[in-house]
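Heads up, the thing below is written out as structure tokens.
Every number here is computed from the coordinates shown, using simple stated rules; none is lab data. Note that this is a predicted model, so its numbers are computed, not measured. Here the Cβ positions follow ideal geometry from the backbone for every residue, glycine too, while neighbour counts run over all protein chains shown.
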Amino acid sequence: MKIPVFKPYLGSLEIEAAVRSLELGWLGPGSFVKEFETGLASLLEVNPENVVAVNTGTSAVHLGLKLCGVGAGDEVITPSFNNIADFQMIKSLHANPVFCDVTEDSLTMDVRQLPGLISNKTKAIICLDYGSSLCDYEAIEKIAKQHSIPVLYDAAHSFGSSTDRGKVGSYSDISAFSFDPVKNITCIDGGAVIVKSKEQAEKIRYMRLLGQKQNQDKLYANNRSWTYDVDELGYRYHLANLHAAIGVEQLKKFEEIARKRRELFKFYHQELKDVEGLKLPLPVQPGIVPFIFVIRVLNNRRSDFTNFLHSNGVDTGIHWQPGHRFTLLKNCKAADLSITNKIADEIVTLPFYPDLSMDEAKHITDIIKQFYVGIKEHD
């Protein structure tokens, strides 16, 4: 059996929580959703009223864009080096992504390109973190405020991380998180939107439930209203009680998850730092909870590299394919994307999850070193 790229960190506590939620018999949004939102607020150090749990991170981005007022004909600036979900949500609103490049060290938004991409059609900016690196949010925020443009912070890769300003998600106007099967915590699938005001949160709570203006306290008590008003578009984006119950247990062991992720990241970095032909991510900074460990395989050897690892029982991934290379998005406006084009053909995601043992990690790094020994011998 191969060592997988990802593996959810689940155990008996999550199974017991799932059973409790099923025995409760209330499978829609209910008391476990409220408990999960309260737990998120505590960890992220934000007002619980401003946390809205949804069914996926993609839904969180969609609702964030709606809150920014994005609509037909608008433009949203974001790196081409981004997850397809963000592009699809922009297009679903009949708007268009405008692609910027990334910096070669962090693989996050190259802020220097941002002013030149802003036009009278720019309705929002999506910035995001990547792997173990945070974007330069302060610089992005400064430019956005000069032009009165809202910023949607896609923090799918940085749940639980901190900066000098506080927890990621606590200082931005709108933040979106993902809790899919492989993220820093999982709800099986889930997401959250963090906003700055009770009014914004209330708007999103209605939108996540088909626009139905139901009493939220009643829902959180595992009950519902049979009469309500609907005055705007909504979506079936609520988080199920079953998924929220699992999320509650994941939050309880988040310190353990964070510790194991940091230890694994540091181990990889130490073991691979002297391997010629690889470019490693930046060392993990204090306060960061790394999501993935992405190396760059130089000199056009990525296929040979991944094939060698696969033949030795190690799975790998590629996160991501740039947006401008997709048929759907190939005609979108873009800045110079030379760094994106370069790194897109080099990146490889190594197995990275809390359950990965140090023996397995050592096996992985030994296999990588064997690959490069073979190259030297062949050359």
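Report the full-extension gain for the segment THR38 to ARG236: residue separation times 0.36 nm, less the Cα-Cα distance, to one decimal in nm.
Working: separation 198, 0.36 × 198 = 71.28 nm, distance 2.16 nm.
Net length gain for the segment: 69.1 nm.
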| Semi-axes of the equivalent ellipsoid for the stretch 1-106, Cα gyration tensor, largest first, Å | 32, 21, 15
| said: I want to check the label-to-label distance for ASN331 and LYS2. Put each point 7 Å from Cα in the C-beta direction and report it in nm to one decimal. | reply: 3.7
| task | May I ask you to derive the FRET efficiency for HIS310 and ASP355 from their Cβ-Cβ distance with R0 = 25 Å, giving the value to the nearest 0.05? | result | 0.80
| query | For the chain, what is the mean residue ellipticity at 222 nm derived from helices alone (per DSSP H run of n ≥ 4: -39500 (n - 2.57); sum divided by total residues; nearest 500 deg cm²/dmol)? | reply | -11500 deg cm²/dmol
| field | Size of electric dipole in the chain: Cβ of Lys, Arg +1 and of Asp, Glu -1, about Cα centre, debye, nearest 20 | value | 520
| Descending semi-axes in Å of the stretch 12-252, equivalent ellipsoid built from Cα gyration tensor | 31, 21, 14
| request: Specify the inter-centroid distance of the stretch 71-113 and the stretch 285-313, based on alpha-carbon positions, in whole Å. | output: 24
| query | What is the antiparallel percent of DSSP beta bridges lying wholly in the chain, to the nearest 5? | reply | 55
| query | Hey, what angle do you get for helix 137-146 against the long axis of the chain, alpha-carbon based, 0 to 90 degrees rounded to 10? | reply | 50
| said: Per-residue counts of other Cβ atoms within 10 Å, averaged by peptide: what ranking do you get for 332-341, 157-166, highest first? | reply: 157-166, 332-341
| Whole-Å distance, taken between Cα centres, linking the stretch 117-182 and the stretch 323-379 | 24
| Full-stretch length increase - ILE15, LYS218 - with 0.36 nm per residue and alpha-carbon distance subtracted | 70.4 nm
| By average Cβ neighbour count within 10 Å, what is the ranking of 277-285, 11-19 from highest down? | 277-285, 11-19
| query | Ranked from highest to lowest mean number of other Cβ atoms within 10 Å per residue, what is the order of the peptides 188-194, 177-183, 47-53? | reply | 188-194, 177-183, 47-53
| message | Which of rounded, prolate or oblate describes the stretch 257-379 when judged by the alpha-carbon gyration tensor and an a/c cut-off of 1.5? | response | oblate
| query | Once Lys and Arg get +1 and Asp and Glu get -1 on their Cβ, which of PHE159, SER303, ASN96 lies farthest toward the positive end of the dipole of the chain? | reply | ASN96
